[in-house]
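Accompanying notes for the structure given below.
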Amino acid sequence: MTKKKTAALPAGLIALALGGFGIGLTEFGPVGLLPQIATDFSVTESVAGYLVSGYALAVAFGAIAITAAFSRSERKKVLLSLVVLFIVGNLISAVASTYGVMLAGRIIAALCHGGFFGIGAVLAASMVEEKKKAGAISLMFAGLTVANVVGIPFGTFVGQQFGWRATFWVITGIGIITFLGIQFLVERSRASETAGLRTELGALRRPQVLLSAMVSILTFGGVVGAYTYIAFTLTEVSGFATSSVPWLLLLFGVGTFAGNIIGGRLADRALDRSLLGILAGLVLVLVAFALSATIWWAVLVAMFLLGAVGFATAPGLQLRVMHFAGDAPTVASGTNIAALNVGNAIGAWIGGLAIAAGLGFVSPLWVGAALAAGAFLVLLPTSIASRRRAARAPMPGAPIEEPVVRPVSGHVEGHDGHRGDVASGAPR
């Protein structure tokens, strides 16, 4: 029988959010410190940006490779092992004597990112009842957004006051706390006895899974493409002092926290419709930001909205891929994390090319708007096709305008009496 879910917030979700906080701080921590790092290592702004894009590419590799390799392993042990990589990578970054060594540390830390969120999303969804799946995923990702709210501005402030290396020492300490939190708050969770590499990878052949991943690539390419170089935009275009950057990043962070929670609730109500509306809003925000980057008060509003609208997509994007993966969610979940970070790398790379081409520090905002518009154009026909298939073969009592998600739970019993580990729903 399906394990009964309670209304109380599972302690395991808090631990996963704690891990998300540390990893989120690692991912975006250098953003506000890129000018100082570039100066210290005598590299250009675009080369310094590789600390973000290189991290993202390593996340993409680790997300698929690790979730596939450990699809049948006990999940808590895998998470703890990944946090060890996180600690080691940030320690290397803290003591790096050259740019190459620091980049290596970033890559090592990044290898834990995709697997952590990929496996963590499956666990989070299995902890709650059906109608709260996206909300549970958003709570796990809340650690990432809290890092944007308080962690990244604080890390930038620490780096400006005590040197950028101090920020990475702080992140290393958070990694140790994360390890202890998972050890004591997350219950052991074995993978399905029927899980296997062939079954999990088979989900990646489904068109809707691949199209959903493409939407994720373009969406976060747009958000991160704009955000990676935002410190340069704020100081060189908007005219803010360098000391103001941490507080401006705080506005972005508050937006990400609010947007992530709201986006999870919207996705639980109407998955595709909410994503389409949010993506349209993201394009408008980025265009408005680019056009008003020299107006100080408009920049304040735009920073908040960029975080809110951009990260409101995250729970829905994750749930959509898991939903279409059916009974093989683990690698598909990791694949979406990989897709998000491929998008991060592409956005940061194209934004850097635009700056290097002499288009100015506003150009990454235009790059972001174009990529977000591409995500909308991919999702729209994909969503229409999904609705039409549901309309041709509706289940009794199932709404035809949205994908139908079967309960996400732990071990469930099928009609043939076989017990398996179902971590996400699939189209009926």
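The values are calculated or read from the model by the stated rules, or taken from the named source; none is laboratory data. What you see is a predicted model, and the numbers here were worked out from it, not measured in a lab. Here the Cβ positions follow ideal geometry from the backbone for every residue, glycine too, while neighbour counts run over all protein chains shown. Quick note on the areas: whole protein, heavy atoms, side chains included, nothing else; ligands and nucleic acids left out. Shrake-Rupley method; radii C 1.70, N 1.55, O 1.52, S 1.80 Å.
Of all residues in region 266-275, at least one satisfies being touching a residue at least 12 places away in the same chain (Cβ under 8 Å) and not in a helix (DSSP H, G or I). Flag: G352 does not match the condition of being in contact with a strand residue (DSSP E or B) (Cβ under 9 Å, 6 or more places away or on another chain) and either modelled with pLDDT under 90 or of a type outside the set (A, V, I, L, M) (or both).
Residues in region 292-346 that are part of a helix (DSSP H, G or I), farther than 26 Å from F61 by Cα and in contact with a helix residue (DSSP H, G or I) (Cβ under 8 Å, 6 or more places away or on another chain): A298, V299, L300, A302, M303, F304, L305, L306, A308, V309. A single entry from L251, L234 fulfils the requirement of being open to solvent by 20 Å² or more (accessible area, probe 1.4 Å) and assigned to a helix (DSSP H, G or I): L251.
Inside region 304-327, residues that are over 18 Å from L139 (Cβ atoms), buried (at least 24 other Cβ atoms within 10 Å of the Cβ) and at pLDDT 90 or above make up a count of 3.
In summary, helices (runs of 4 or more DSSP H) completely within region 21-132 and bearing 3 or more residues that are buried (at least 24 other Cβ atoms within 10 Å of the Cβ) occur at 50-69, 75-95, 99-126. Among all positions in region 157-172, there is at least one residue which is on the phi > 0 side of the Ramachandran plot and either open to solvent by less than 70 Å² (accessible area, probe 1.4 Å) or at pLDDT below 80 (or both).
Residues being modelled with pLDDT of 85 or more, open to solvent by 10 Å² or more (accessible area, probe 1.4 Å) and aromatic (F, W, Y) are represented in region 284-296 by at least one member. Are any residues in region 254-268 of a type in the set (G, A, S) and surrounded by fewer than 19 Cβ atoms within 10 Å (Cβ to Cβ), and if so, which ones? The answer is A258, and nothing else.
Output the residue which, of all residues in region 269-283 that are among the charged types (D, E, K, R) and open to solvent by 20 Å² or more (accessible area, probe 1.4 Å), is modelled with the highest pLDDT.
From region 269-283, those among the charged types (D, E, K, R) are 269, 272-273; that's our starting set.
Now narrow it down to the ones that are open to solvent by 20 Å² or more (accessible area, probe 1.4 Å): 269, 273.
Numbers: R269: 84, R273: 91.
Checked region 269-283; the qualifying residue modelled with the highest pLDDT is R273.
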